[in-house]
Amino acid sequence: MLEQHGAYAEKIIELENGILSCKGKRKEIDEAIAAGNNVVRSINRVSESLHSAENWGTWDLLGGGLISDMAKHSRIDDARAEAGQVSVLLNRFRTELADVKVTSNIHIEIDGFTKFADFFFDGLIADWVVQSKIHDSQASVAKVEREVHNVMAKLSELKSQNDTEAKKLNSQLTELITES
């Protein structure tokens, strides 16, 4: 067929290769989006833990005592553990982004909290310092969340462009085949 219909066959092969390329890109984009969604879910869990710690911290500032200290630090520990998971998921996300050639400089940081001082020098100053660190961590998490959402928007745009290109190539292939 290539010998008899050289240019025609070459065009079909070119279009089919383009369609295959779009399918491969679509798969990589979908994997990156899935990884990003995992990051977002984990970030939400960090935010929830920090919000709870903030609430317990407010109670502690108002004189909540040992129970509020323990509850606050339990939520801080939950946030710290989940932040570790976010870090792992962000690394996976970065790997997937590299596959679709999207660059990102996302990182998350949950400050080390002054648990010792808060328990043993339980007072307004120590509680205020911990509350301040909770707020700093919330700001850091919110920043990472915004960055992830921005990258997810880029991925969505790439997916749309890729799907448009695939439809165009499919249409050209169908048109070429029906003309013959």
Original post:
What number of residues in segment 159-180 are surrounded by 13 or more Cβ atoms within 10 Å (Cβ to Cβ), touching a residue at least 24 places away in the same chain (Cβ under 8 Å) and out of contact with any Lys or Arg (no Cβ under 8 Å at 6 or more places or on another chain)?
Top reply: 5
**OP:** Give the residues of segment 48-63 that are surrounded by fewer than 17 Cβ atoms within 10 Å (Cβ to Cβ) and either in a helix (DSSP H, G or I) or touching a residue at least 40 places away in the same chain (Cβ under 8 Å) (or both), sorted by residue number.
**Re:** Glu48, His51, Asn55, Thr58, Leu61
Original post:
Does Lys133 qualify as being part of a helix (DSSP H, G or I), in contact with an Asp or Glu (Cβ under 9 Å, 6 or more places away or on another chain), among the basic types (Lys, Arg) and farther than 30 Å from Cys22 by Cβ?
Top reply: yes
Original post:
Yes or no: Leu66 crowded, with 19+ Cβ neighbours inside 10 Å and modelled with pLDDT of 75 or more?
Top reply: no
**OP:** Being under 30 Å from Leu15 (Cβ atoms) and touching a Gly at 6+ places or on another chain (Cβ under 8 Å) is the filter; apply it to segment 135-165 and report the residue that is modelled with the lowest pLDDT.
**Re:** Leu155
Original post:
What single numbered condition from (1) in a helix (DSSP H, G or I); (2) modelled with pLDDT under 80; (3) surrounded by fewer than 17 Cβ atoms within 10 Å (Cβ to Cβ) fails to hold for Lys23?
Top reply: (2)
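The values are calculated or read from the model by the stated rules, or taken from the named source; none is laboratory data. Note that this is a predicted model, so its numbers are computed, not measured. Cβ sites come from the backbone with ideal geometry, for glycine too, and all protein chains shown count toward neighbours.
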